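Every number in this text was worked out from the coordinates using simple rules, so none of it is lab data. Remember, it's a predicted structure, so these values are computed and weren't measured experimentally. A quick note on method: Cβ atoms are made from the backbone with ideal geometry, for glycine too, and the neighbour counts reach across all protein chains shown.
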Amino acid sequence: MKTTQFLKAAGGIAAVVFALNATAQTTAASDSTGTSVGQKVDDSAVTTKVKAELLGAKNVKSTHVHVKTVKGVVSLTGTVPSAEDRTAAEDVVSKVSGVTHVKNHLKIAAE
């Protein structure tokens with residue numbers, strides 16, 4: 001079961017990396033919000049790094065953690081089994097290169 005979840009997560013990361021490569025080949029342009037394509041690529045790269053670090057962290061059960069990055073600010077949502085996992089997830093994410101701030105909205109799952 002854990003192997004299946006890990007493979008699904010790894011496949012998701014691979015898809016994001018592929019999308020980053022495709023997006024990186026476009027020229028930098030601004031959309032209506034003033035966010036450049038380059039900034040979106042940077043945010044996607046940070047999100048990918050954060051997800052990889054969470055998956056690799058032995059002290060965090062992160063299979064139900066969702067990550068979103070906007071201008072270097074990482075938002076964590078979803079559920080974790082304990083307060084320790086919640087704190088550990090924030091600690092892991094805060095150390096990732098490119099993260100300027102962490103908004104930890106993780107909930108502790110009811111037992």
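How much length would be gained if the chain were fully extended between residue 108 and residue 59, taking 0.36 nm per residue of separation minus their Cα-Cα distance, in nm to one decimal? Kindly include the intermediate steps, with their values, before the conclusion.
Numbers: separation 49, 0.36 × 49 = 17.64 nm, distance 1.52 nm.
Contour length minus the Cα-Cα distance gives 16.1 nm.
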Counting only DSSP loop positions in region 60-98, the trypsin sites (Lys or Arg not before Pro) whose Cβ has at most 13 other Cβ atoms within 10 Å are 71, 95
Along region 46-63, Karplus-curve 3J(HN,Hα) (6.51, -1.76, 1.60; θ = phi - 60°) to the nearest Hz, with x for Gly and Pro, reads 4, 4, 4, 5, 4, 4, 5, 5, 5, 5, x, 6, 6, 9, 10, 8, 10, 5
